[in-house]
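Derivation of every value follows stated rules applied to the coordinates shown; laboratory data play no part. What you see is a predicted model; the values in this text were computed from it and never measured. Using ideal geometry, Cβ is built from the backbone for each residue, glycine included, and neighbour counts are taken over all protein chains shown.
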Amino acid sequence: MTQRAPCLDRRQFVRAGVAACVASSWATSGRAKDPRPAFATRGVVLVPSDLSLGDWPERAKQAGLSTIALHRGISPKEVIRAVESDEGKKLLEECRRLGLEVEYELHAMSELLPRDRFAKDPTLFRMNDKGERTADANLCVHSNSALELIAGLATSLAKKLRPTTGRYFLWGDDGKPWCRCDKCRGLSDSDQALLLANHLWNVLKAEDDKARVAHLAYANTLAAPKEVKRAEGVFLEFAPINRRYDVPYAKQTGASDRDGLTMLDANLKVFPAETAQVLEYWLDVSRASKWKRPSAKLPWDREVFQADVEDYAARGIRHVTTFAAWVNADYAKRYGDPTFIAEYGAGLSRPEKD
């Protein structure tokens, strides 16, 4: 008896068809298929509410993605609750079944240096431009007590949110300033962020022999560090949140353009390109909505994406991910099936050029 292929429901059929068509359009003419993709990491970064689109792992796998990361801007606690929920456990199990990596990209300072410690010891925290200690953000990176406290809490956090890749993303507070005390003021925000990343790697490698730690180049830390040398296990994560998405990144060279590619090039003089990761916003509905609900429709531009991908590949970048925040059940209900996931995945899965 001839065995029939399993039937696909309409949504699966549409997604499979889109993925196949997009993959075909990226194929290299006259060349045998190369099993090595151009990018080793092909990821999306989601927030816990995006798990309402219950088939995210399946979509990611069909699109040729390698990695799903969870993020929350204010505190890791919401991500911890998410992965411990039934929905989160299902996500992790599906990722294991499908062979997808899981990571956690977090603004972690409120967890690593709890703000209620300020009353007991203000010197743990940063000094502002007025010479006042404040618990509003980050830390004093020259406070041994602060670094010791962070070491213990980072170890505890890593046990709750352990990435399958060994790559830890424990960022400073979102776009907030760093310390201006007499010892710290000679270091830029980027240098202070790198000093902390170095410290975190030295802590985490004792717990996880695969551990590597991201230095986030973003907003006020986008400029390359100049004074602090990176530790061996620290890699660059470059997130140009202020760039434009209506024209290719390489064409944004005007005086009014921010977060240009020259900033990436400067960082690649400090960090190896082969371990560097670009964190993009191509699929970030939350950014397109100016972080206000209801969500706007994503202005996905495949041509801009294609040009950007080529520019990153030309620089030796092999790790690429994008925020896909708010690509959830509500988005699908409002705007239809998010087929741009397949186009994004196919663009990163194409064979590496000779």
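Annotations
- The stretch 37-349, relative contact order [Cα under 8 Å, separation at least 6], %: 21 percent
- Semi-axes of the equivalent ellipsoid of the stretch 44-181 are 34, 13, 12 Å, computed as sqrt(5λ) over the eigenvalues of the C-alpha gyration tensor in descending order.
- In order along the stretch 336-342, phi translates into HN-Hα couplings of x, 4, x, 5, 5, 4, 5 Hz, rounded to whole numbers, per the Karplus curve 6.51 cos²θ - 1.76 cosθ + 1.60 with θ = phi - 60° and x for Gly and Pro.
- Most positive-pole-ward Cα, 157, 83, 66, against dipole of the stretch 37-349 from beta carbon charges: 157
- Neighbour-count order for 218, 335, fewest beta carbons within 10 angstrom listed first: 335, 218
- When only the Cβ of Lys, Arg, Asp and Glu is charged (+1, +1, -1, -1), the dipole of the chain relative to its Cα centre reaches about 360 debye.
- Length-normalised contact order of the stretch 95-200 in % [C-alpha pairs under 8 Å, at least 6 apart]: 36 percent
- Candidate cross-link partners of residue 90 among the lysines, defined by an alpha-carbon separation under 18 Å and a same-chain spacing of 8 or more, comprise 61, 160.
- Distant-in-sequence amide contacts of residue 167, defined by a placed amide H-H separation under 5 Å and a gap of 5 or more residues or a different chain, comprise 212.
- Farthest toward the positive end of the dipole of the chain, out of 245, 145, 48, is the Cα of 48, where the dipole comes from beta carbon charges about the Cα centre.
- With R₀ set to 30 Å, the beta-carbon distance separating residue 74 from residue 117 gives a calculated FRET efficiency near 0.95.
- Short to long, the 10 Å bins of the Cα pair-distance histogram for the stretch 174-218 hold 27, 44, 25, 4 percent of all pairs.
- Leading residue at positive end of dipole, the chain (Cβ point charges), from 204, 349, 184: 349
- Label point 7 Å beyond Cα of residue 207 along Cβ direction - residues of the stretch 92-111 with amide nitrogen under 16 Å: 103-111
- Within the same chain, lysines fewer than 8 places from residue 269 are excluded, and of the rest, those with a Cα less than 18 Å from its Cα are 226, 229.
- By DSSP, the beta bridges lying fully in the stretch 37-349 are antiparallel in about 5 percent of cases.
- Using the Karplus relation 6.51 cos²θ - 1.76 cosθ + 1.60 with θ = phi - 60°, the per-residue 3J(HN,Hα) values for the stretch 116-129 come to 6, 6, 4, 4, 7, 8, x, 5, 5, 9, 5, 9, 8, 5 Hz, with x marking Gly and Pro.
- Sequence-distant residues sharing a close amide H with residue 140 (under 5 Å, placed H): 125, 126
- Compared with the alpha-carbon gap, the fully stretched path from residue 156 to residue 136 is longer by 4.9 nm at 0.36 nm per residue.
- For the stretch 92-105, backbone phi angles converted through the Karplus equation (6.51, -1.76, 1.60; θ = phi - 60°) give residue-by-residue couplings of 5, 5, 5, 5, 4, 4, 8, x, 8, 6, 10, 10, 9, 10 Hz, Gly and Pro being listed as x.
- Rounded to the nearest 20 debye, the dipole magnitude of the stretch 222-317 is 460 debye, with +1 charges on Lys and Arg beta carbons, -1 on Asp and Glu beta carbons, and the Cα centre as origin.
- Highest-MSF residue in the chain out of 162, 293, 318 [GNM, Cα springs under 10 Å]: 293
- Between 0 and 90°, nearest 10: helix 10-26 axis offset from the chain longest Cα axis: 80 degrees
- The chain, Rg to Rh (Cα coordinates; Rh as Kirkwood inverse mean 1/r): 0.98
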